[in-house]
Structure formats: structure tokens, C-alpha cells
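Quick note: the coordinates plus some simple rules give every number you see, no bench work behind them. These figures come from a predicted structure and were not determined experimentally. So basically every Cβ, Gly included, is an ideal-geometry build from the backbone, and we count neighbours across all protein chains shown.
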Amino acid sequence: MDTIIQGISTFRAQIFPGQRQMYEQLVRDGQHPNALIIACADSRVSPEHITQAGPGELFVCRNAGNIVPPFAQQNGGVSSAIEYAVVALGVRDIVVCGHSDCGAMKGLMNPEALAKMPNVAAWLRHATAAERIVCEAYPADMDPKQHHRALALENVIVQLANLRTHPSVAAALAKGELRLHGWFFEIETGTLLAYDGEAGRFVPLGHDDGLPVAEAPAPRVAAPEYARVAAE
């Protein structure tokens, strides 16, 4: 706590005075974040630090394992953050960001380690599909480290699928107003991988490369006569 208090003092004395106008404008104009990032609560993975985003630029929701509970199963903080970001703030992009050396994924691999953490065990059931995919669709002779990495990557894709069950997300995708992204941050190298939905794989995100999209907007064309009426 001494370090935290010292940091607060430094912010108040050295940083805030030079940024006072920015913070006053954020209060005056409200927040208009560019994206919602759903990331792991791991202390080593800070979306603002990774993206070098400033105050007001990101709407961030963090939890153990970067989990997105399916809408029908769980209404809580994550569901509320998603709904608010899409409906109230009008974000155009949502990112689910996993990472290497994830403790939540280690717990999923070793459920006996969660015996004294029943709430964590229950929470991680939302990632069971990722564990089943790795156990049944990947080579059985993978070493634990490979298994863990595959699980963390598959978990990002599973949570993107859960994200699509939220009505606000489904509607925004159908209206062509939202894009979904899956990211994976390698702590040890600083590399950020992005899921390319068309290619079905994660690719390194380079400075000059385009941003791969897990799912692009999909305006409905099944009933074009209704679309025409709405447009008119």
C-alpha cells in the first residue's frame, strides 16, 4: 500500500496539474471510448498500458480468465458492462483479450487446485467448452505448456461466441454497427496476436498491418423488402 499511496501522491502533484484541462473536458463532454476491452484481471495485463490509451479512450471490463458469460446464464457485471458499452456509449469495437501464463486457464486444467475457491471454479465453467475443444480436437501428447497455450487461445474464441448471445451485441452486429476482435497478449515477448475470423487463426499484429477482425458487421439481407422500408 505504501507504493500505491506514493503513486497517488505523484499523480496529484506532478501529473494531474498538466492534465487538468483534459480531465475537466472529460467531465464536461462525457466519455466517448473507442472500444470495449474485456480482459483478464491478471495484474500483468493492462489494456491501457498495452494499447497506450489515455483516459476516456477505452471502456475496460476485467475478470478472471477474460470470461463472457452467455446472456441466458448470467446477468452481472460483465453483462452490464457489455450492454452499457454498446447501447449507451455506442462503441464500435469489442475486444476479448486473453494472455499467456493465465492463472485461470491453469485452474481450468487442474480443477483440484480450485477446491478452496468454489466461486472461481464456478466462474470458470464458462470456459469449459475451450477445455473440451483442446482435450478432444488437439493432439493427446501435447506437453502441459502447449496445452495451456492452446487452452488460452481457444478460450478467447469461446468467449467471442458467448459474446454473440448478448442481445445488444447481436443487434449491433446485425445493424452493421459493431466489430468483434479476439486478442492474445504474450507477456514474455510483448507480442499481440489477433484472431482472423476468415482465416480461422491468430496472427501477429504488426504496426503496418491491417487489424484482423474476428467478426465483422453482418447487415441482414434475408428480408430486403423490410430493409428498404426501414431505409425509407
Go through the stretch 10-46 and give me each residue that's in contact with a strand residue (DSSP E or B) (Cβ under 9 Å, 6 or more places away or on another chain) and farther than 30 Å from Asp101 by Cα. Gln31
Taking the stretch 158-186 only, how many residues are aliphatic (A, V, I, L, M), under 17 Å from Ile37 (Cα atoms) and in contact (Cβ under 8 Å) with a residue 40 or more places away in the chain? 7
Looking at (1) crowded, with 21+ Cβ neighbours inside 10 Å; (2) assigned to a loop (DSSP other than H, G, I, E, B); (3) of a type in the set (Ser, Thr, Tyr), which one does Thr165 not meet, given that it meets all the others? (1)
Leu108 fails exactly one of the following numbered conditions: (1) part of a helix (DSSP H, G or I); (2) surrounded by fewer than 19 Cβ atoms within 10 Å (Cβ to Cβ). What is the number of that condition? (2)
Any chance Ser43 is under 30 Å from Ala104 (Cβ atoms) and surrounded by fewer than 12 Cβ atoms within 10 Å (Cβ to Cβ): yes
Answer yes if at least one residue in the stretch 76-94 is part of a strand (DSSP E or B) and under 22 Å from Asp196 (Cα atoms), and no otherwise. yes
Odd one out for Cys97, checked against (1) in contact with a Phe, Trp or Tyr (Cβ under 7 Å, 6 or more places away or on another chain); (2) assigned to a loop (DSSP other than H, G, I, E, B); (3) not hydroxyl-bearing (Ser, Thr, Tyr): (2)
Condition first: surrounded by 15 or more Cβ atoms within 10 Å (Cβ to Cβ) and either among the hydrophobic types (A, V, I, L, M, F, W, C) or on the phi > 0 side of the Ramachandran plot (or both). Now tell me which residues in the stretch 111-129 satisfy that. Leu114, Val120, Ala121, Trp123, Leu124, Ala127, Ala129
Scan the stretch 47-75 for residues that are free of Cβ contacts under 8 Å to residues at least 40 places away in the same chain, surrounded by 14 or more Cβ atoms within 10 Å (Cβ to Cβ) and not in a helix (DSSP H, G or I) and jot them down. Ala53, Gly56, Glu57, Leu58, Phe59, Val60, Cys61, Arg62
Given (1) over 29 Å from Thr189 (Cα atoms); (2) aliphatic (A, V, I, L, M); (3) out of contact with any Ser or Thr (no Cβ under 9 Å at 6 or more places or on another chain); (4) in contact (Cβ under 8 Å) with a residue 12 or more places away in the chain, index of the condition Ile82 fails: (3)
